[in-house]
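Input: a single structure, listed below in C-alpha cells.
Just so you know, all these numbers are worked out from the coordinates, no wet-lab data involved. Just so it is clear, the model here is predicted, and its values are computed rather than measured. Quick reminder, even Gly has a Cβ in these numbers, built from the backbone with ideal geometry, and neighbours come from all protein chains shown.
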Amino acid sequence: MSRDRRRMRASGRVSAGLAAMAIALGTGSLAHAKIAVRYEETKLGELVKTAAHDLDPIIRYVEFNVPAVSNIGVVVKDCDEVNASYDPAAKRLTFCYELVRYLAQNASKLFANVPDVPDDEVGDAFHQGMFYAFGHEVGHAYDYLSGLMDSEDTADKMATYLLWSVKIDEGSAVGGLVFYEIDRADDEEDLWDEHTPDKKRLANLACWSYGANPEATKDLLVAVSERIGGKKGMERRAERCEGEWLQIKRFGDKAVRFKRSEIEQAEKAAK
Ligand SMILES: [Zn+2]
C-alpha cells in the first residue's frame, strides 16, 4: 500500500505552475480584483485560518482566467460541517473551514505510511485538494452564470480542467484522493450527499487525468484502480479516457481564456 502511495505522490509541479501563473498575471492584476473574498473568524484555530489562505492564489487564478465567474463572492467560514457550496441567488461561493481542516488531515494521511516524505509534498497534496474542491464549486458557478445545465459531473470536469491548466497533470486525481481520503469506510457519512459515489467520481478523475497525459499518470491510474477495486473495469475504460478528456478540454477551452502556451512562456521567462 505504501508503494502505491509512493507512486501517487503529488508531482510537486503545482508550485512551479502557480509561480508561473503569478508572473503571467503580473502585479497589476490585484488592482482589478473582482472576486470579493471574506475570511471570517473561525473556532478551529489560527492554523486552519492560515491554511485557508492557500485559496488566495487559486481565487486570483480563477478570477483572471474564468471571466464568467469573475464577479462572484467568496466567503470562508465555519459551517459546522465539511462542505463547500455555491449559492446561485447570492452568486456566492462558500468554503468551510471544516473542509480546509479535513483536506489538511487527508493530505497527511495520504502519506502516513511513506517514510521521509518532505513537508512540501504534503503541502502540494493539500493544495491540490483545495484546488480540486474550489474548482468544483467554480464549475457550479460557471454552469449557473453561463445558463448551462448544472451538474456534479460538469463541476468535476471544470475542476479537472483548471488543475490541468496550471500544469498539474496528476493534479485532478491527486486532488480527488485528498478530497475523498478513500481509506475511510464506505458506510461513513457522505461528504456531499448530492454527489455521485466517491469511487465512481475518483475513477472519473483518474481517467480524465490519464486522458490528458497518459505517460505522466499511468501509474496513478493503476494505483487508483487498485485502491478502488476496479482494476479490470479501469483497464477497459482506459481506452476511452483520451476521448473523454478531449470533450472536457473543448468545454474548458471555451470557459477559460488563459492559454496553456502563455503559462509555458511565463515559465520559460522565469528561468
Ligand atoms: Zn457539487
**OP:** Subtract the Cα-Cα distance of Arg92 and Arg250 from 0.36 nm times their separation in residues, and report this length gain in nm to one decimal.
**Re:** 54.2 nm
Subject >> Inter-site label distance for Lys77 and His53 at 7 Å from Cα along Cβ, in nm >> reply: 2.1 nm
**OP:** Go through 99-107, 233-241 and give me the packing order, highest mean Cβ count within 10 Å leading.
**Re:** 99-107, 233-241
**OP:** Could you rank the peptides 205-216, 66-77, 121-132 by their average count of other C-beta atoms within 10 Å per residue, with the highest value first?
**Re:** 121-132, 205-216, 66-77
**OP:** May I ask you to order 144-151, 155-162 by the average number of other C-beta atoms within 10 Å around their residues, highest value first?
**Re:** 155-162, 144-151
